[in-house]
Amino acid sequence: MARSGRRPLEFDVRRIDSNIGGGSNATTSGGGRVSADAEARKQAMIAAAEAREAKHKAKTKPVPRTASTEKIHLKGKLNATTRQRPQYEVSESEETKRAIAAVKKAEQNDAESLGYNPYEAKAMTSGQARTATVAMTKGEINAVNAPQKLGGGNAGAPGSVNAPKDPTGDASYAPDIPIEFEHAFTTLVTSNDNNGVVVKSMGIMRKLIINAITKGQQGNLDDETSSKFRRVRLSNPKIKEAVADLQGGLELMMIVGFQLSDSEDDGETYLVFPPGEKGPEWLSGALARMESYENGGS
């Protein structure tokens, strides 16, 4: 030292213990002391985990259940309230009893006269319901009080069948129009939008039918004079427009008696009415139906 002529350097080394966060017992895995920053980060992570767990428990907190003793108390209170409600006694007077007995007697009489109890809920058909209603409001109809038919004449008792009338001896006899004609007629009327065309077609077809059963059946049936009234050429523009082109037209003509026939002479297709035929017995009613529609009916 004396030789160098320089002042020697002196160092003062001290060890400082850190107690921030974890205290003096915090050590590393190697047995040394941990730094203050590492301990602070550890404590922050623990605090954050605890906060998350507390938040999760708050969300899933179960609804508190009512204690058994509290339930028993509420049930007892409800029973006490029920017992405190006033009880009203219904006393029937003698007049009320007599009225109820009279109503029951009337119901029993109705059940005996009708053969069943109309006041009892029971499944029945619409016909049975109508019969019951008529019997209750108008009385029961039997062979004694059965009404006569309107217009006079001897009417049989309900359930009896009168002898059929002779169509040839009764001018008012009109057989029912068959359903096939009604179907063709309805198709003709409803399937064509132009009502004027339908009315015109109805008039032409009615005239063709009348000619076939009248003029077409006169004189020599093999003669061209009468046969021309029984034959209708479908390619004729007027006939094509009024019959062939309208839905239901051909069907209606064939139902009243016309037949489709192909001619070998000219290759044309005709509607032909058989010679010696006057048409079905209901034809007069069908013609009247067609005429009614022409005149604005239905």
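The values are calculated or read from the model by the stated rules, or taken from the named source; none is laboratory data. Keep in mind the model is a prediction, meaning the values are calculated, not measured. Glycine also receives a Cβ, built like all others from the backbone with ideal geometry; neighbour counts cover every protein chain displayed. Heads up: the accessible areas ignore ligands, DNA and RNA and are worked out on the full protein's heavy atoms, side chains in. Shrake-Rupley method; radii C 1.70, N 1.55, O 1.52, S 1.80 Å.
At-a-glance table
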quantity	calculated
Solvent exposure of region 198-281 as accessible area per residue, Å², 1.4 Å probe	55
Given charges at Cβ of Lys, Arg, Asp, Glu: region 183-251 dipole, positive-most of Leu246, Val198, Asn211	Asn211
Charge tally in the Cβ shell below 11 Å around Gly203, where Lys, Arg are +1 and Asp, Glu are -1, Gly203 excluded	+1
Region 213-291, accessible surface, carbon-and-sulfur percent (1.4 angstrom probe)	45
Highest to lowest packing among 214-224, 198-208, 181-191, scored as the average C-beta count within 10 Å	198-208, 181-191, 214-224
In sequence order, calculated HN-Hα J values of region 213-223 (Karplus, 6.51, -1.76, 1.60; Hz; x Gly/Pro)	8, 10, 5, x, 10, 9, x, 6, 5, 8, 6
